[in-house]
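Derivation of every value follows stated rules applied to the coordinates shown; laboratory data play no part. Please read all numbers here as calculations on a predicted model, not as lab measurements. Note that we place each Cβ from the backbone using ideal geometry, even for glycine, and neighbour counts take in every protein chain shown.
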Amino acid sequence: MTLQVVQLTDIHLCDDPNQFLLGVNPEKSFDRVLMFLRQQPPPDLLLLTGDLTQEGGRLAYRRLKQKISALGISTYYLPGNHDQLDAMTSILNREDLGINRSVLVKGWHLVLLNSAVPGRVEGQLGSHTLHWLGKTLKEYGDYPTLIALHHPVLPIGCSWLDRLSLQDSNLFWQICGDFPQVKGVITGHAHQEHDVFRFTRKGVIRCMVSPSTCAQFKASTVEFATDSLPPGFRRLNLETKGSLTTVVHRVS
């Protein structure tokens, strides 16, 4: 039995669907990604890992909800640093919000964390969320686990971006290092593809950063720079015994 997950991240829909961001129209770019996704076998689950909108506008959240609902796929939404949590929670279905919640599906444990801090670009989980994470991983120790959040949990080789990633990542790893059932962590925020393994005291955890459905950032840079790579998304196949395979699809 395989759990198929598609991650969409850094969508940046604007209240004005004709607005451009870094030379890309987020609306049209996202629509192309969804059209490509419709041409593939549908996944069991969609994970939208933050920066769903550019300004946190209600009009943008309403259009996002309509577009995703039309797919008919079970979906969880996570906030990013561009999102406004009040607007997000009032418009999206509350049962779909992945704000520090735990989900069991097809033999896998999905842990969905809120790393967004109001008014800040960088991410932080904080003591309450970190305590909840440790408690949840201990409670579901028999299930292979995938953790999802917006901000990267490891450096990705972009100096300017690494300063704006998860600020309490050391505490995050102190917890995850005690639980061998954690097989993977997926994040967004960086508008680029990155895939590395983290060796812990109890096992190996795959850390995956996924490209944006909108504009892309150039990899391995000291200062901010954009890339001409097309938008994309990540598909994951999670096997019952804990193995994980993944591929990033780019949409021209």
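Given 0.36 nm per residue, what is the gain on full extension from GLN4 to ARG62 after removing their alpha carbon distance, in nm?
Roughly 18.3 nm would be gained on extension.
Can you sort THR9, THR145 by how many other beta carbons sit within 10 Å, fewest first?
THR145, THR9
Hey, which of these cross-link pairs are over 20 Å Cα-Cα: LYS106/LYS241; LYS65/LYS106; LYS106/LYS183; LYS28/LYS67; LYS135/LYS202? Could you put the intermediate results ahead of the total?
On the way: LYS106/LYS241 11 Å; LYS65/LYS106 25 Å; LYS106/LYS183 15 Å; LYS28/LYS67 12 Å; LYS135/LYS202 17 Å.
Checking Cα-Cα distances, LYS65/LYS106 exceed 20 Å.
Modelling each spin label as a point 7 Å along the Cα-to-Cβ direction, I'd like the ASP86/THR221 distance in nm, to one decimal.
Calculated label separation equals 3.4 nm.
Which order do SER252, SER115, SER29, SER159 fall in if you start with the one that has the fewest other Cβ atoms within 10 Å?
Least to most surrounded, the residues fall as SER252, SER159, SER29, SER115.
Calculated from the structure, Cα extents along the principal axes in Å equals which of (i) 48, 40, 33; (ii) 77, 39, 29; (iii) 56, 43, 42?
So the calculated entry is the one marked (i).
Determine the calculated [θ] at 222 nm for the chain from helices alone, applying -39500 (n - 2.57) to every DSSP H run no shorter than 4 residues and normalising by the residue count; nearest 500 deg cm²/dmol.
Result for the chain: -6500 deg cm²/dmol, rounded to the nearest 500.
Counting only DSSP beta bridges with both residues in the chain, tell me the antiparallel percent, nearest 5. Present the calculation step by step, with values, prior to reporting the outcome.
Working: 27 of 50 bridges.
Antiparallel: roughly 55 percent of the beta bridges in the chain.
Can you work out the FRET efficiency for the pair LYS202 and MET35, with r the C-beta to C-beta distance and R0 = 51 Å, to the nearest 0.05?
On the way: r = 42 Å, r/R0 = 0.82.
Once rounded, the FRET efficiency stands at 0.75.
Once you keep just the Cα pairs under 8 angstrom separated by 6 or more residues, what percentage relative contact order results for segment 2-250?
Relative contact order of segment 2-250: 21 percent.
Rank the residues HIS150, HIS189, HIS82 as a footprinting-exposure proxy: fewest other Cβ atoms within 10 Å of their Cβ go first.
Lowest to highest Cβ neighbour count: HIS82, HIS150, HIS189.
Please give the charge dipole size of the chain, origin at the Cα centre, charges +1 on K and R Cβ atoms and -1 on D and E Cβ atoms. Round to the nearest 20 debye.
Value, rounded to 20: 580 debye.
Quote to one decimal, in nm, the extra length available between ARG250 and VAL121 on full extension: 0.36 nm per residue of separation minus the C-alpha distance between them. Please list the in-between numbers first.
Details: separation 129, 0.36 × 129 = 46.44 nm, distance 2.58 nm.
Value of the extension gain: 43.9 nm.
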